[in-house]
Ligand SMILES: C[S@@+](CC[C@H](N)C(=O)[O-])C[C@H]1O[C@@H](n2cnc3c(N)ncnc32)[C@H](O)[C@@H]1O
């Protein structure tokens, strides 16, 4: 779904004003930046002249934290430009036209209406296109101008509160966030499934998987240097403030350091990994069958993992693992009773052609750790929704580096790492 990730981390200490846009993508935070930041590059500043009004149906907090961004065509366009995303959804509909022919379809979170339009063009007899934001105005216009205004009924409201006149054969939705679950929009799809999907009906997509792999990169050492710069800058600032204005800021140094640690060292990064940055094969962390999983299943994760290193030694030097990469794929298989003719897969794995707008999430290790082939990271990943904003995630990774020596694995003491996915 969201963007801004294509910009790189700011180099220096304008971070307090720049942070939202750079650290947070695919969510409202980016927009907050665009609306409020006076140092925004020109094309971002232009957005300040636009206004998205809050529809009555959306609670204040969720509007400013989440939906607000989706009310902008600028942002819908970012998603519409992701060709891997678009082609996968397009194929999932048009390679399975027989499944859509004469069916009643529900599009959860229709945005600009593109999935609803495709469902109608593939032969659906009726499509209910639900969208919380005022994007419905544009979606209606798009449906009418693309000749499906009589089939697609665009309805504005929270999916959870919408009343439909009938049950549906297919639910289609693009709900995935970073590392699959960020944004928590899957909840809305599951609520819709339980209330509106006919027995035997199909979800598009129907299955998804989350992956982990050990990765290498020079980004974390740069992040660590930026962190140190930031602390050094605080000390200079503190000294100057005392000398010039007589206020001693030093008592706030621990708080500043904590804040900066969270920002630089405990926030996962959006990355566009090349496959050769993986130091071992990816492992499936978790699978969901969307026809059967429950709201509780997707509220949090507690999964064990075992990653095996396939490291090449260079000049006798061990390979450095600088982090653990995470991503997802989704599968369009239809349902058991109405299976897809052709299964389509949308993958966000590291790709030499470049990343989708979801990229991958990197959970950096500070410090990195040297590994040899056959070594293993054995551990667990615990992911919960942030207490402050249920659409963001807190991740705890605990693992032990098991070194392979003479055919035996020796476990080092466990490392515990905390991250926010923002
Ligand atoms: C990632 S966008 C996808 C838009 C469009 N379906 C597409 O594929 O281009 C998700 C959309 O769902 C909407 N949305 C999220 N949760 C919703 C809910 N509970 N009820 C209605 N709309 C929702 C958002 O406002 C956003 O426009």
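The values are calculated or read from the model by the stated rules, or taken from the named source; none is laboratory data. These figures come from a predicted structure and were not determined experimentally. All Cβ positions, glycine included, derive from the backbone under ideal geometry; neighbour counts span all protein chains shown.
Quick notes on this structure:
- Within the option set 348, 314, 341, being surrounded by 16 or more Cβ atoms within 10 Å (Cβ to Cβ) and either at pLDDT below 95 or closer than 30 Å to residue 98 by Cβ (or both) holds for one residue only, 348.
- A count restricted to segment 65-85 and to residues that are assigned to a helix (DSSP H, G or I) and crowded, with 17+ Cβ neighbours inside 10 Å stands at 12.
- Among the residues listed as 124, 119, the single one being in contact (Cβ under 8 Å) with a residue 24 or more places away in the chain, within 18 Å of residue 340 (Cβ to Cβ) and outside any helix (DSSP H, G or I): 124
- Test: residue in segment 174-191 that is more than 30 Å from residue 59 (Cβ to Cβ) and surrounded by 14 or more Cβ atoms within 10 Å (Cβ to Cβ): no
- Filter result for residue 334 (touching a helix residue (DSSP H, G or I) at 6+ places or on another chain (Cβ under 9 Å), touching a residue at least 24 places away in the same chain (Cβ under 8 Å), at positive phi and surrounded by 17 or more Cβ atoms within 10 Å (Cβ to Cβ)): yes
- Of the residues 227, 211, the single one that is away from the ligand (no atom under 16 Å from the Cβ), within 16 Å of residue 362 (Cβ to Cβ) and buried (at least 19 other Cβ atoms within 10 Å of the Cβ) is 211.
- Matching entry among 139, 120 (being farther than 23 Å from residue 328 by Cα, within 11 Å of the ligand (Cβ to nearest atom), at pLDDT 95 or above and in contact with a strand residue (DSSP E or B) (Cβ under 6 Å, 6 or more places away or on another chain)): 139
- Qualifying residue in segment 106-116 (condition: within 27 Å of residue 356 (Cβ to Cβ) and more than 12 Å from the ligand (Cβ to nearest atom)): no
- Of all residues in segment 154-169, those satisfying the criterion of being touching a residue at least 24 places away in the same chain (Cβ under 8 Å) and either in a loop (DSSP other than H, G, I, E, B) or more than 14 Å from the ligand (Cβ to nearest atom) (or both) are 157, 158, 162, 164, 166, 167, 168, 169.
- Applying the condition of being outside any loop (DSSP other than H, G, I, E, B) and more than 13 Å from the ligand (Cβ to nearest atom) to segment 142-153 and asking which residue is nearest to residue 187 (Cα to Cα) yields 153.
- In segment 236-255 there is no residue that is within 25 Å of residue 366 (Cα to Cα), surrounded by 14 or more Cβ atoms within 10 Å (Cβ to Cβ) and touching a helix residue (DSSP H, G or I) at 6+ places or on another chain (Cβ under 8 Å).
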